[in-house]
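**Q** Pasting a structure here, questions to come.
The values are calculated or read from the model by the stated rules, or taken from the named source; none is laboratory data. Quantities reported herein were computed from a predicted structural model and do not represent experimental measurements. Using ideal geometry, Cβ is built from the backbone for each residue, glycine included, and neighbour counts are taken over all protein chains shown.
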């Protein structure tokens, strides 16, 4: 008898069947739209902001459609530092409002919206001979201001501890490869870290779907106005007209392709992918100041998969926007040179397993360097009513979405319920006052709980029903066939790239991804 994986997922008590994204649902949704091609709001772009707009609109009771020409989290959203920032960097430039907004949104994510995906991360600044007393004092003041932001955002100290100065032994325990000669201790601060930014996007989109939103990936929007567009199914080539009372352009660095009046200054941020072995078991984010650039740092960030990401650059780019940005040699050198300032034994190119780069959709303000361009988001309304949202940060996606939907309601004259996404848990997030404790009671391995939250037992159930799905899909990874099956039947993956690049992130280590590709193709078949 053939195992029906879809039935196993749908029948599991941890799953809300209305949230499931699959090929079958996609086909049904397309048929329904063709039969009734008029909705309240269409959002173009399936990154974190677009998914957030779809969730905000659907949660207010609007008939909502999300159109994404490739896949959820395809663009900038999956290339972040995987940090949920509290806004410290913005304090350094005097942007107190943005810093406070970031702290508030961090609190919502880590305490209510996605506690299964966001965890506290200690970050240490080693005090080495090259760090002057004045710089130490400024950094300490900045961390104290960060503590004040945490308190203002009402994030419990038990969730994010207060900053403090630590001794050299504790610095070495957190960052074993740090330079020991002249080490005077360090400054310790706490922030939020995402287990997986692409998974955050998927969970937001699935939550929107659970509230009635239509989520169409691999579909292109063209001929876009403030009240209409043409939708083309990239899988079949068929197209149809879709009418909407409001249209929101949330395509990030591609926003100008939808609205030519938008002027952006994309900035490339590059990370290096390294092994934990190169850092001796890094237990905190290692923070190193960029010489000559006040308020700029390079971080070495430990990941749950045994990798360390070293970033981040800020390089202005021009010309055609690539689907997958590539790191330049100079960026790799810059990151290695900067992080090596704090290490006893310098890292080399041989330690670099891979790289990844993303483009920030910064609104052109005429500022000097892109590092000086404001990270505050902007919501712009065209004469025909088209609403575009650009700028901002991953941490503040929810606020960006709220502002975009508010603008769309205003321009279209629609009425809807108030925004409620600040306290709306995503799929997989436990509800209640102590979500962390609730996650410890989920009957599944910790590795799966960190990815799927309360839905992790459904992935376990797939492996129990078919033991072949319990095996890792390739050497060098713990990811199993059950996770790929879940990606297809619950999370809307359409092709092997969706699975390898965004549902599992295997592509961050290209050799492992290629070894897993045959398994992904068999699952899709």
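Residue by residue, here is whether (1) within 23 Å of the chain's Cα centre (by Cα); (2) outside the structural domain of residue 39 (by TED's automatic domain parsing); (3) buried (at least 22 other Cβ atoms within 10 Å of the Cβ); (4) over 26 Å from residue 3 (Cβ atoms) holds:
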position: 416; (1), (2), (3), (4): no, no, no, yes
position: 442; (1), (2), (3), (4): no, yes, no, no
position: 464; (1), (2), (3), (4): no, yes, no, no
position: 475; (1), (2), (3), (4): no, yes, no, no
position: 497; (1), (2), (3), (4): yes, yes, no, no
position: 518; (1), (2), (3), (4): no, yes, no, no
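**Q** Next question, about the same structure. Where in the range 87-190 are there helices (runs of 4 or more DSSP H), lying wholly inside it, with at least 1 residues that are in contact with a strand residue (DSSP E or B) (Cβ under 9 Å, 6 or more places away or on another chain) and modelled with pLDDT under 95?
**A** Of the helices (runs of 4 or more DSSP H) lying wholly inside the range 87-190, those with at least 1 residues that are in contact with a strand residue (DSSP E or B) (Cβ under 9 Å, 6 or more places away or on another chain) and modelled with pLDDT under 95 span 88-92, 96-108, 133-152.
**Q** A further question follows. Within the range 277-304, can you find the residues that are farther than 23 Å from residue 130 by Cβ and crowded, with 22+ Cβ neighbours inside 10 Å?
**A** 302
**Q** Filter the range 14-27 for residues that are touching a helix residue (DSSP H, G or I) at 6+ places or on another chain (Cβ under 9 Å) and either assigned to a helix (DSSP H, G or I) or without any contact (Cβ under 8 Å) to a residue 60 or more places away in the chain (or both); which is nearest to residue 484 (Cα to Cα)?
**A** Top of the filtered list is 23.
**Q** A further question follows. Return the total of residues in the range 238-257 being surrounded by fewer than 20 Cβ atoms within 10 Å (Cβ to Cβ) and in a helix (DSSP H, G or I).
**A** The number of residues fulfilling the criteria is 2.
**Q** How about the range 418-440: which of its residues are part of a helix (DSSP H, G or I) and surrounded by 14 or more Cβ atoms within 10 Å (Cβ to Cβ)?
**A** 421, 422, 435, 436, 438, 439 - these are the residues of the range 418-440 that are part of a helix (DSSP H, G or I) and surrounded by 14 or more Cβ atoms within 10 Å (Cβ to Cβ).
Condition check ((1) in a helix (DSSP H, G or I); (2) over 20 Å from residue 200 (Cα atoms); (3) without any contact (Cβ under 8 Å) to a residue 40 or more places away in the chain) across all residues:
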| residue | (1), (2), (3) |
| --- | --- |
| 443 | no, yes, yes |
| 449 | yes, no, no |
| 453 | yes, no, no |
| 464 | yes, yes, yes |
| 475 | no, yes, no |
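**Q** OK, next. Scanning for something touching a strand residue (DSSP E or B) at 6+ places or on another chain (Cβ under 6 Å) and within 27 Å of residue 176 (Cα to Cα), does the range 254-270 turn up at least one residue?
**A** Checked against the condition, which is being touching a strand residue (DSSP E or B) at 6+ places or on another chain (Cβ under 6 Å) and within 27 Å of residue 176 (Cα to Cα), the range 254-270 yields at least one hit.
**Q** For the range 312-320, indicate whether the set of residues that are closer than 24 Å to residue 85 by Cβ, touching a residue at least 40 places away in the same chain (Cβ under 8 Å), in contact with a strand residue (DSSP E or B) (Cβ under 8 Å, 6 or more places away or on another chain) and assigned to a strand (DSSP E or B) is non-empty.
**A** Looking through the range 312-320, at least one residue is closer than 24 Å to residue 85 by Cβ, touching a residue at least 40 places away in the same chain (Cβ under 8 Å), in contact with a strand residue (DSSP E or B) (Cβ under 8 Å, 6 or more places away or on another chain) and assigned to a strand (DSSP E or B).
**Q** I'm trying to understand the selection: among the residues of the range 184-215, which are within 18 Å of residue 62 (Cβ to Cβ) and surrounded by fewer than 23 Cβ atoms within 10 Å (Cβ to Cβ)?
**A** Correct list: 210, 211, 212, 214.
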